[in-house]
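The values are calculated or read from the model by the stated rules, or taken from the named source; none is laboratory data. Since we're looking at a predicted model, the values are computed, not measured. No Cβ is skipped: glycine too gets one built from the backbone with ideal geometry, and neighbour counts run over all protein chains shown.
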């Protein structure tokens, strides 16, 4: 008769095999082919570190994409999470406006990124967009700014298509706040703490792990941000809004260079691992609570 451990192995085996085939197998292929010259229609040849050397020595667009990706990770991990946390602290007071504001604030998170990109293309359209129309009405002068294609405004315009919409962070923080005992709030009130002091010195320290998790989710989302950039600027003008996923896409489907794209993919994974290690270290997420 099969014992419990063997049954557990049998039940887990399909999931383990699927994980190994889909995830680990893909990682092995990605890493090994990053050392090759691989393109459709040509024989795959081993080139050693040439792809990596080319990226860092002669590819200014790649350097720009790394810089933009790092900046967006920083903004998403700070301003985005800060916004969501502040909104959560406000809505947790259960005022009359909490429910409708929470629903409205979460709407951009349930809309597909492609649809959101199209929406902002209309809002920031240089001819009939809402932004230019409002500025024209307020100033009394015709205002026509091509927000996504002007090198001076493109980066900020793309950033604003996702940065303020932190509904997921708000929901996560509010869910964690609901687990705080009312006794803690009562003790803070008895000690003479104001609502602001209670939030700063009592609630936020208890939210450390969930805020750290939100930062991780926000940072990793920037490592796969492609759809909105594809819909709005495609990395332009020039490389002002180019990020690593967008550049990998162009390297594969425009330049037909799978070996170079896979080298970029390896570096993207390394960037993600470094970001996660830094975040976990800052929030001491590996430290066990006493």
- Inspect all residues belonging to segment 246-255 and state whether any of them is in contact (Cβ under 8 Å) with a residue 40 or more places away in the chain, crowded, with 20+ Cβ neighbours inside 10 Å, in contact with a helix residue (DSSP H, G or I) (Cβ under 8 Å, 6 or more places away or on another chain) and not in a loop (DSSP other than H, G, I, E, B). yes
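Results for (1) touching a helix residue (DSSP H, G or I) at 6+ places or on another chain (Cβ under 6 Å); (2) surrounded by 18 or more Cβ atoms within 10 Å (Cβ to Cβ); (3) farther than 22 Å from residue 85 by Cα, shown as yes or no for each residue.
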| position | (1), (2), (3) |
| --- | --- |
| 187 | no, no, yes |
| 195 | no, no, no |
| 204 | no, no, no |
| 210 | yes, yes, no |
| 227 | yes, no, yes |
| 243 | yes, yes, yes |
- Task: Tally the residues that are under 15 Å from residue 241 (Cα atoms) and more than 22 Å from the chain's Cα centre (by Cα), restricting the search to segment 113-146.
- Result: 1
- Subset tally (residues that are under 21 Å from residue 83 (Cβ atoms) and assigned to a helix (DSSP H, G or I)) for segment 174-185: 4
- Message: Kindly evaluate residue 58 against the criterion of being surrounded by fewer than 11 Cβ atoms within 10 Å (Cβ to Cβ) and either modelled with pLDDT of 85 or more or more than 22 Å from residue 275 (Cβ to Cβ) (or both).
- Response: yes
- Note on the structure: In segment 87-102, anything modelled with pLDDT under 85, surrounded by fewer than 14 Cβ atoms within 10 Å (Cβ to Cβ) and at negative phi is listed as 93, 95, 96, 97, 99
- Message: Out of the residues in segment 188-197 meeting the condition of being modelled with pLDDT under 90 and part of a helix (DSSP H, G or I), tell me which one is farthest from residue 276 (Cα to Cα).
- Response: 190
- Return yes when residue 161 is within 30 Å of residue 124 (Cβ to Cβ) and not in a helix (DSSP H, G or I) and no when it is not. yes
- Tally of residues being farther than 27 Å from residue 224 by Cβ and not in a helix (DSSP H, G or I) across segment 90-124: 6
